[in-house]
């Protein structure tokens, strides 16, 4: 690692070599990733408590016949679930990529920085005080909660002497997550909505319905398009504030827009599947390794790879211990923890 | 001249020491009495005192001696144990944010207890005494794992590396626990869920007996090592210069801290933050000399947990909030406050 730690995720010598990124790698990832995603989605639809062959899957999707039970299972349960999983994966991954780029913090992730816990807390409040609140409003509270988590974590870490270091952010995130989940649990106990909360937390991808997807989709599409539009500026920010400003960028504005996008993405994802961590940590790192440091390539590729990860993890979650479901968050954490350890070890000197 | 100021200082110290200790003891007695008459069956303070001296009805005696008293005793023991464990960890790592919960030791103990509960029926008496041992095995394995993962050649341990590794290991263990909970029967699931939230579930005398030997052996051992901890606090080079075999003392103390945390967690479940807050508050009160810091920390920890337990039983009667949640609600903001002032 070089002495200049303006961007811990890359070395100085690498900047010159790889700044342009590797468009061919990105193209390969996008095409191959999408193909794998389609295959994964098809498999995920066909495998489960009732195995349905792929021909039936094809028919259920394109020639839906409401009289066939299998078609109904697919239409009502499996299709929204797997599509929702894919969307959520893209959300977490892109939000992680933006956070890592903007803050130049290799350990940034919506789970580690308290966004997921904040959104979860807001949802606990909604269950308690406004039971039966339509999902359309729930998702808004989820955004607000994610914002609350972010503000608290950033606020606390930036107050300290020496400012926002990655370690401090992670510590603040861990403490805040502990606090918010304790509060959520307490509130859930007090209002006796523990069961609903547990269902929502453990529900993971199993609880996803078409209505969730319909409401979520516009937000996610807008946020991801926004992220792509912002990607050039994020690349500049990832080189350091001074450089970005020197290149004529209005860093404050970019950071504000980026933060809003991150909150929308993390908030929307948490409102559907609960607090799934580590996707936003791992995927951007893997993507950067593959396509270089140009965020115009990183963001779309992260979206595809994040979707792929969650779809596969969800499939695994159903296959590990049938007929029980294993929460997809637990499966991802089991992969994500060694990854985090590896990063923490590698980046230790800069932290 | 110097001797005079020293003795004067000493006298002031002694006064302050006695004052602090007696205030803490008085507070504990006060909360103890409040705790005795808090619960579904309300008893007036007078009734409590009467019953304590043998003048109560059978029902009052049953409630006090068989339900409330053991639970209160356990809260006090756990509070002292976790607080001392945290104090030792902070002392030897010289990191003010260390705590058995943050370092993932609690999670490791919890995983072991949970494995045991999932594969064996826990209704017989023997497992009660086995639980602290199992928790100790889990906690030691976790501590060893964290040490191995955080160790870097030529650099040894760095506080931040230890903390980050601890957080990651704790996250991994809780993911594994979630997977395990799904295999449990509904009754066991209920038990484990409450346990994980940090509820003092073992509220009977046999759990007191299971916990007591650990506390009785390890607390005096740590107190006995107070002088060593003072020396370790000066930093490794200085301590070595003063003739302490640093690594061996660190390992002995770490073992004691892990043993304390593990035996407490076995009975109380996932109560975090006690080991973090109590030493800090105590350092504010009496300074960093371990001869005084350790007993004060034990009292502050005991006070914290008994208060949290009483509050948890009082807030939403007739149901209760697990003690761990109450402690986290108090402890996490304090941790954030410490973090915002730290240089780490």
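What follows is calculated from the coordinates using simple rules that are stated; it is not laboratory data. Note that this is a predicted model, so its numbers are computed, not measured. Counting neighbours? That spans all protein chains shown, and the Cβs are built from the backbone with ideal geometry, glycine included.
Here is how the numbers come out for the structure above:
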item: Principal axis box of the stretch A:223-289, alpha-carbon based, largest edge first, Å; result: 41, 26, 17
item: Modelled label reach - residue B:216, point 7 Å along Cα→Cβ, the stretch B:293-310 residues with backbone N closer than 18 Å; result: none
item: Spread of Cα-to-Cα distances over 10 Å intervals beginning at zero, given as percent, for the stretch B:216-288; result: 17, 42, 35, 6, 0
item: Rounded Å value of the spacing that divides the Cα centres of the stretch B:214-229 and the stretch B:20-41; result: 26
item: Residues of the stretch A:257-278 with amide N under 18 Å of the 7 Å Cα→Cβ point at residue A:151; result: A:257-268
item: Descending Cα extents along the principal axes, chain A, whole Å; result: 65, 52, 33
item: Per-pair calculated FRET efficiency, R0 = 41 Å: residue A:342 and residue A:225 via Cβ, rounded to 0.05; result: 0.80
item: Scattering profile of the stretch A:228-351 at q = 0.10, 0.18, 0.19 Å⁻¹ [log10 I(q)/I(0), Debye over alpha-carbon scatterers]; result: -0.40, -1.11, -1.19
item: Where labels lie 7 Å past Cα in the beta-carbon direction, separation of residue B:34 and residue A:250 in nm; result: 5.4
item: Relative contact order, percent, the stretch A:261-351 [alpha-carbon distance under 8 Å, six or more residues apart]; result: 32
item: Sites residue B:316 and residue B:289, calculated FRET efficiency, Cβ-Cβ separation with R0 51 Å, nearest 0.05; result: 0.80
item: Unit Cα scatterers, Debye sum, the stretch A:98-141: log10 I(q)/I(0) for q = 0.18, 0.25 Å⁻¹; result: -0.60, -0.80
item: Number of partner chain Cβ atoms within 10 Å, mean per residue of B:263-273; result: 1
item: Linear extension gain, residue B:337 paired with residue B:61, 0.36 nm per residue minus alpha-carbon span; result: 95.0 nm
item: Segments B:71-79, A:250-258 sorted - mean Cβ within 10 Å per residue, highest first; result: B:71-79, A:250-258
item: Rounded, prolate or oblate (a/c below 1.5 giving rounded, otherwise prolate when a/b exceeds b/c) for the stretch B:256-334 by Cα gyration tensor; result: prolate
item: Rg/Rh for the stretch B:23-119, where both radii come from Cα atoms and Rh is the Kirkwood radius; result: 1.13
item: Shielding by partners - mean other protein chain Cβ count within 10 Å, residues of A:153-159; result: 3
item: Per-q log10 I(q)/I(0), the stretch A:19-162, q = 0.09, 0.10, 0.12, 0.20 Å⁻¹ (Debye; single scatterer per alpha-carbon; no solvent); result: -0.47, -0.57, -0.77, -1.13
item: Residue B:247-residue A:31 pseudo-label distance in nm [points 7 Å out on the Cα-to-Cβ vector]; result: 5.7
item: Descending semi-axes in Å of the stretch B:47-101, equivalent ellipsoid built from Cα gyration tensor; result: 39, 9, 6
item: Relative contact order (%) - the stretch A:232-298, alpha-carbon pairs under 8 angstrom, separation at least six; result: 37
item: Spatial extent of the protein assembly as shown: Rg and Dmax, with the Cα atoms as the point set, Å; result: 26.9, 100
item: FRET E, pair residue A:161, residue B:240, Förster distance 30 Å, beta-carbon r, rounded to 0.05; result: 0.55
item: Estimated inter-spin distance, residue A:217 and residue A:133, nm [label 7 Å along Cα→Cβ]; result: 2.5
item: Relative contact order (percent, whole number), chain A, Cα cutoff 8 Å, 6+ residue spacing; result: 31
item: Contour excess over end-to-end distance, with Cα ends at residue B:255 and residue B:41 and 0.36 nm allotted per residue; result: 72.9 nm
